[in-house]
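The values are calculated or read from the model by the stated rules, or taken from the named source; none is laboratory data. Model, not experiment: these values are computed from the prediction. So basically every Cβ, Gly included, is an ideal-geometry build from the backbone, and we count neighbours across all protein chains shown. Note: areas computed on protein heavy atoms with side chains; ligands, DNA, RNA excluded. Shrake-Rupley method; radii C 1.70, N 1.55, O 1.52, S 1.80 Å.
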Amino acid sequence: MTPTAIAQTLPQTPIFGCLPATGAPRRRAFITGITGQDGAYLAQLLLDKGYEVHGGMRRSAQDERARLETLGIADQVILHDLDLTEMTNIFRLIRTVPVDEFYNLAAQSFVGASWDQPLYTGDVNGIGVARILDTLRTLAPETRFYQASTSEMFGLVQAVPQMETTPFYPRSPYGAAKAYAHHITVNYRESFDMHASCGILFNHESPLRGAEFVTRKITRGLARIARGGNAPIQLGNLSARRDWGFAGDYVEGMWRMLQQDAPGDYVLATGITTPIRDFVSFAAEALDMPLDWRGDGIDEVATDRRTGRRVVEVNPAFFRPAEVELLVGDASRARRQLGWRPRVDVRGLATMMARADYDAVA
Ligand code: NAP
Ligand code: GDD
């Protein structure tokens, strides 16, 4: 029996969304973390491709569907209660919602917070993945599985650029938990012949990016200043370099991985690395705010060249106990085997995000 046929025989209790009318079978996918940045873009992509899209959402005092609403798809997806720390949730879900493709995007995804919550981060980002894999192997071994691995696993980089074969050297509890998740996914693939793939994704951003990540913190701060606000943006390490792409491009790569006959691991990246400082300048230029940079270390500041107003200052509170100074990926395997290419460069990304935040402040 196919997953779709099994699904039509089982009781389900979605918390939002209607169960579809029975009829011609559509491909079904489940997305953990559907309320997050990538989850929302992936849901949109899969809906466009004709999938029936289910997603996991944590129980919360408030409705967390804002990103799905922004994309206009909140009423097109079927949402279920799911917390990756709770094995019973995962078991019940996989038993009652059989799917063709399972994308695990849920995570405590903020690296900075992982030093404050190392155990929780390990539980969700590491052990949570083992919970899913073992339940899939037991109840739904034919389901194709995607794990959201990360360039953060490269940490103190052992080669430049980083590719699938570059050794991991995580620099945060987040990176360490994700490295466990990556290895356990590879292990289940090799042990139980599962179609399980890991996307080793470099940083990807969008107007839907969480407000605490540096790109969005910058574009929201600049938008407020451009609209007359006078609080400078306080940042940490301005010299760290990231390989930034657009989240909408990266979810296409996730989907392509699960369409391959054989599972595998793939880096998705642009191949261009940019310091935080330059991202600030690109975003400021998009708002007609040319910047002058002066000073070093914690005394470095950026001012608006036209008005002399201070726009950025350094606050050591945003430094991390251990830093990932440089990330730059080599996505040639994904280009060759998946035909995947990023379409938005870092300047285009900064411009897209800054303008969206400027419009939102209006
Ligand atoms: P995000 O916006 O922070 O979304 C994370 C999602 O996980 C949210 O829906 C969140 O739900 C959910 N979640 C958190 N803890 C959970 C738990 N205990 N049980 C169930 N769901 C939980 O992150 P993102 O940027 O979309 O990233 C998606 C995935 O890719 C993450 O695994 C991240 O680590 C990984 N990744 C991201 C990047 C990047 O640059 N964006 C790069 C590489 C890898 P709430 O809405 O309730 O918080
Ligand atoms: N968040 C933040 N806030 N970061 C700052 C700040 C600040 O005020 N100032 C400087 N940074 C630096 C951080 O020290 C880091 O070097 C860089 O900006 C990027 O930080 P984030 O935007 O928080 O992202 P990240 O690279 O740590 O993690 C993101 O990318 C990973 C993939 O490499 C997240 O999306 C992870 O979930 C993802 O795995």
Fraction in percent of alpha-carbon pairs per bin - 10 Å, the chain: 5, 24, 33, 24, 11, 3, 0
Modelled FRET efficiency - R0 25 Å, Asp75 with Ala360, Cβ distances, 0.05 increments: 0.65
Percent of C-alpha pairs per 10 Å bin, the stretch 213-357, short to long: 11, 37, 29, 16, 6, 1
Percent of alpha-carbon pairs separated by more than 21 Å within the stretch 87-243: 53
Set of the stretch 82-112 residues, backbone N closer than 12 Å to the point 7 Å along the Cα-Cβ line of Lys49: 100-103
Alpha-carbon centroids, the stretch 304-352 and the stretch 166-210: separation in whole Å: 20
Helix 346-361 vs. the chain, principal-axis angle (Cα, 0 to 90°, nearest 10): 90
Relative contact order for the chain, counting Cα pairs under 8 Å that sit 6 or more residues apart, in percent: 16
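For the chain, what is the accessible area per residue in Å², given a 1.4 Å probe and the full set of protein chains? It would help to have the intermediate numbers written out before the result.
Values: 15600 Å² over 362 residues.
So the chain comes to 43 Å² accessible per residue, rounded to a whole number.
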Share of carbon and sulfur in the accessible heavy-atom surface of the chain [1.4 Å probe, %]: 49
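Hey, with R₀ at 41 Å, roughly what FRET efficiency would Leu139 and Ser239 work out to, going by the Cβ-Cβ distance, to 0.05?
Once the sixth-power term is evaluated, E becomes 0.30.
Which number do you get for Rg(Cα) / (2.2 N^0.38 Å) in the stretch 168-237? Working shown, then result.
Details: Rg = 18.6 Å, N = 70, 2.2 N^0.38 = 11.1 Å.
Compactness ratio reported: 1.68.
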Segment Arg341-Glu212, extension gain: residue separation times 0.36 nm, minus the distance between their alpha carbons: 43.7 nm
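Tell me the mean residue ellipticity at 222 nm calculated for the chain from its helices only (DSSP H runs of n ≥ 4, each -39500 (n - 2.57), averaged over every residue, nearest 500). Provide the component values of the computation, followed by the final result.
Working: 12 runs with 127 residues, N = 362.
The helix-only estimate for the chain comes to -10500 deg cm²/dmol at 222 nm.
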Rg in Å to one decimal, and Dmax rounded to a whole Å, for the stretch 124-215 via C-alpha atoms: 14.3, 41
